Amino acid sequence: MIVTLENGEEGCYFAQCLELLDAINENFKQASILVKEFNEVELKVVIYKGEMKMEERATKNSWKNSPINIKKAISISEIAPDLSLEFSVEQYNQLQKGLIPEAMEDKWFIYFENDWLFFHRSWTGHCIYQAHILKEKGDQEDREYKIKEFLVERDKEIYNNDDDMLDLNNFLMLIFRGLLGIDIRGILAKNIDENSALQLWSLFGRMFFSEE
């Protein structure tokens, strides 16, 4: 747990911090603002201008969710032979944070569990994609991580699509733009007309249209 003060002296919001820590776990009642990190709780608390912001790692309990009903495995190499999804240690750590919706315009909830990423629609909680991250052999600092295939929902009552390439593009958008903050919008949507813009908004919301 990391506590950061960005307004005034160290003790300005001491009472507020303790109230927040107490709400999380009574064991933190004696926590000090000078204590910077608890490995047991992955939660960042930022206090600024009298407000409190929380940035936490997504877990299965962070949002409503339901499992894939009818699974189909899509091999990335089969439909995109030149594409290899490889991640550094830093990117692997970033993927583990997942994504928790903050507003209705956020269309996805993503969490990491036991080297699997789960991608759920935020409004319904339905799981649309699921991917296993493989750990390649090597030293901890130099190890690479790969995704070679992903699962997709093929129950048409839940997700009415059977285009594997479209699902790959959607999956790449969620991985790179949604989780890693890498802007690949220009690659996936070169020609956007009114209809495609509406589809992109329905699929990704402000993940696609935000300037950040």
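Taking a ≥ b ≥ c as the square roots of the eigenvalues of the Cα gyration tensor, region 145-189 is prolate, since a/c reaches 1.5 or more and a/b is larger than b/c. The 3J(HN,Hα) values that the Karplus relation (6.51, -1.76, 1.60; θ = phi - 60°) gives for region 70-81 are, in residue order, 10, 8, 10, 8, 10, 7, 5, 5, 6, 9, 9, x Hz. Gly and Pro appear as x. As a proxy for reagent exposure, MET104, MET173 were ordered by neighbouring Cβ count within 10 angstrom, fewest first; the result is MET104, MET173.
Less than 5 angstrom separates the built amide H of LYS148 from those of LEU134, all sequence-distant by 5 or more or on a different chain.
With 20 Å as the limit on Cα-Cα distance, the pairs of LYS97/LYS146; LYS107/LYS146; LYS60/LYS107; LYS64/LYS97; LYS72/LYS148 that go past it are LYS107/LYS146.
Size descriptor for region 69-212, Kirkwood hydrodynamic radius: 15.9 Å (Cα pairs only, one decimal).
Every number here is computed from the coordinates shown, using simple stated rules; none is lab data. What you see is a predicted model; the values in this text were computed from it and never measured. Quick reminder, even Gly has a Cβ in these numbers, built from the backbone with ideal geometry, and neighbours come from all protein chains shown.
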